[in-house]
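The values are calculated or read from the model by the stated rules, or taken from the named source; none is laboratory data. Owing to the predicted nature of the structure, the values given are computational and were not obtained by experimental measurement. Using ideal geometry, Cβ is built from the backbone for each residue, glycine included, and neighbour counts are taken over all protein chains shown. Heavy atoms of the whole protein, side chains included, go into the accessibility calculation; ligands, DNA and RNA do not. Shrake-Rupley method; radii C 1.70, N 1.55, O 1.52, S 1.80 Å.
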Amino acid sequence: MPEISVDFNRPVVMGNEFEYMKQAVENGHISGDGPFTKKCHAFFEKELGVPKALLTTSCTHALEMSAILLDIRPGNEVIIPDFTFVSTVNAFVLRGAKPVFLDVRPDTLNLDESKLEAAINQRTKAIVPVHYAGVGCEMDPIIDIATRYNIAVVEDNAHGLFGKYKGKYLGTFGSMASQSFHETKNFTSGEGGALLINDPVLVERAEIIREKGTNRSRFFRGQVDKYTWVDIGSSYLPSDILAAFLFAQLEQREKIQLHRKRVWEMYHAGLKDWADAHDVQLPCVPDHCEQSYHMFYMLLPALELRQNFIAYLRERGVYSVFHYLPLHLSEMGQSFGGKIGDCPVTERVSDQLIRLPFYNSLTSAEQEQVIDLIQEFPF
Ligand SMILES: Cc1ncc(COP(=O)(O)O)c(C=O)c1O
């Protein structure tokens, strides 16, 4: 029997979630774009300073919208980091693009900007940097290269809400950015996401694509006298019940971020010496980046050790996980020509990475138990 029980993730009610969901029903508007959705949009537009924010049913769907907005089609190439979730690439492959997998930096595990220029050719249509663990990619060189070659940048900011690069919010560098409110994220509605639009030219078409290819948003604003099918699109807007839950979480921004900062710092302080002594790599946050405190990961020296480590913690009631497998070596990745050795850093770190329990109600006492167990792991 496990001695203790610490989950990897737990959904946590942080404030007025249930009250606002009740209000959403009482408002008589629980489909999309109701009062709570509008509050969430206004929140992001004000707090992040983005021209337009649109809630979506997931980060995956926000990325799909961005691919439609960029008119991605067969013959186009899209550059993405090899070390990421499938949605980052799938959204573009769905439109017919060929993915070009770029290896990641060994320190932050973000797209390696020094390899970017060599991956660009006439067919390159977009670059999709992922701010892994909410630590900013090197956006200055990335934006510089993208601008020189006239290529769009879509930031996959699933992990990075409220993180900053050189004082500027992640999600405000590319023409668009995607956010996730999946239950493992700092702010959640169970499933959910948002598309942040920094290029105002894209806003009107984004509203159409999100509303099944219709000009329904313009109709409701009184800008056209009927609404009709004007473009391709899908149903990318979430119920106002989910927006109500999310808005209550967003209202607790300070409390949530402070708590997560404390969790991250306690892991870091408690494991630093142990990590140094055992050749374990802890996360790197460059001085010019303010992280979002999304996760705490470690890189163990080798795959077998990582697997034993996860099993050791689980036998004692602590749930840790690993992710991502190298995309270029997945079945789909290989169908695009991926082979062993293409992205050596990703191939290595995907064998080594482990994520520790991290959620908005994780207590110091629980963390102490996790840290104590880790320090007793028989290397
Ligand atoms: C980097 C990254 N992008 C996209 C996604 C997809 O997010 P969602 O589950 O909201 O579609 C995830 C999921 O965790 C992710 O880690």
Problem - Environment charge at LEU325 (Cβ cut-off 11 Å; Lys +1, Arg +1, Asp -1, Glu -1) - result: -4
Problem - Under the Karplus curve 6.51 cos²θ - 1.76 cosθ + 1.60, θ = phi - 60°, whole-Hz ³J(HN,Hα) for the stretch 44-61, x wherever Gly or Pro sits - result: 5, 5, 6, 5, 8, x, 8, x, 8, 10, 10, 5, 10, 6, 5, 5, 3, 6
Problem - Environment charge at ASP71 (Cβ cut-off 9 Å; Lys +1, Arg +1, Asp -1, Glu -1) - result: +3
Completion exercise
Rounded to whole angstrom, the alpha-carbon centroid of the stretch 295-322 lies from that of the stretch 211-285 at a distance of 27 Å
Fill in the blank from the handout: Of the candidates ALA133, ASN90, MET14, the farthest towards the positive dipole end of the stretch 1-149 (Lys/Arg Cβ +1, Asp/Glu Cβ -1, centred on the Cα centre) is ASN90
Practice task
Mind checking which of PRO74, ILE120, ASN110 is farthest towards the positive end of the stretch 26-140's charge dipole, using Cβ charges of +1 (Lys, Arg) and -1 (Asp, Glu) about the Cα centre?
Solution key: PRO74
Fill in the blank from the handout: In the chain the accessible area split gives carbon plus sulfur, as whole percent at 1.4 Å, a share of 53 percent
Completion exercise
Output for the stretch 152-242: trypsin sites (Lys or Arg not before Pro) sitting in coil per DSSP, at most 16 other Cβ within 10 Å, listed by number, reads LYS166, LYS212, ARG221, LYS226
Fill in the blank from the handout: Regression test value, accessible area per residue of the chain, probe 1.4 Å, units Å², expected 42 Å²
Exercise for the section: Compute the Cα gyration tensor for the stretch 256-379, then decide on rounded, prolate or oblate, letting a ≥ b ≥ c be the square roots of its eigenvalues: rounded whenever a/c is under 1.5, prolate when a/b is larger than b/c in the other cases, and oblate in all that remain. Expected result: prolate
Handout entry: Given charges at beta-carbon only (K, R positive; D, E negative), |dipole| of the stretch 297-379 in Debye
Key = 160 debye
Practice task
Of the listed pairs LYS212/LYS261; LYS115/LYS164; LYS125/LYS255, which have alpha-carbon separations greater than 31 Å here?
Solution key: LYS212/LYS261; LYS125/LYS255
Completion exercise
Row for the chain, column shape: gyration tensor on C-alpha, a ≥ b ≥ c, rounded if a/c < 1.5 i.e. under 1.5, prolate if a/b over b/c, else oblate; value oblate
Completion exercise
By the C-alpha gyration tensor axes a ≥ b ≥ c (rounded if a/c is under 1.5, else prolate when a/b exceeds b/c, else oblate), the shape of the stretch 1-88 is oblate
Exercise for the section: Among VAL345, ILE151, SER180, flag the residue with its Cα farthest along the positive direction of the charge dipole of the chain, charges on Cβ as +1 for Lys/Arg and -1 for Asp/Glu. Expected result: ILE151
Completion exercise
Computed about the Cα centre, the charge dipole of the chain from +1 Lys/Arg and -1 Asp/Glu charges at the Cβ has a magnitude in debye, to the nearest 20, of 1160 debye
Problem - Distance from the stretch 325-354 to the stretch 101-161 (C-alpha centre basis), Å - result: 18 Å
Exercise for the section: Sort the following peptides by mean Cβ neighbour count (other Cβ atoms within 10 Å, averaged over residues), highest first: 245-252, 96-103. Expected result: 245-252, 96-103
Problem - Charge context of ALA158, other residues only, Cβ under 13 angstrom, K/R +1, D/E -1 - result: -3
Practice task
Report, ordered by chain and residue number, the aspartates and glutamates lying within cross-link reach of LYS226, taken as a straight Cα distance under 15 Å and ignoring same-chain residues fewer than 8 apart.
Solution key: GLU211
Problem - Rounded to the nearest 20 debye, dipole of the stretch 226-379 from Cβ charges on Lys, Arg, Asp, Glu - result: 360 debye
